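Enquirer: Can you keep this structure in mind? I'll have questions shortly.
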Amino acid sequence: MAADPSEHEKAVPVRAARLAQIERAVSRTRASHTGQPFEATRQALTEVLRDEGAERAVPQVVEELARQISEAASGPPGLRAERSAAQQGRTG
């Protein structure tokens, strides 16, 4: 039995809105938690998803996004090295 094409068309705006919620949550979490520990990043992402109304995101997707945000380095390599040294109390 084939799905009714009109049903698909009705679902497109709903899916687009859900995707926009997730994209906003990821952007907000990236801005505040790039390079932070995984658990803190995952918790922040979970809270922001809830704020955006997207708390029903697939748990495996949330875990992967949090991992990527946590492992991402912010800024160009030279700036990352300077930040790392500054965070550890070293100067160049």
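The values are calculated or read from the model by the stated rules, or taken from the named source; none is laboratory data. Only a predicted model underlies this, so the values are computations on that prediction, with no experimental measurement involved. Positions of Cβ are backbone-derived with ideal geometry, glycine not excepted, and every protein chain shown enters the neighbour counts.
Enquirer: If you go through region 5-17 one residue at a time, do you hit one that is modelled with pLDDT under 95 and of a type in the set (S, T, N, Q)?
Expert: yes
Enquirer: I've got another one for you. Only residues that are more than 19 Å from ALA73 (Cα to Cα), in contact (Cβ under 8 Å) with a residue 24 or more places away in the chain and of a type in the set (Gly, Ala, Ser): list them for region 9-54, please.
Expert: Within region 9-54, GLY53, ALA54 meet the criteria.
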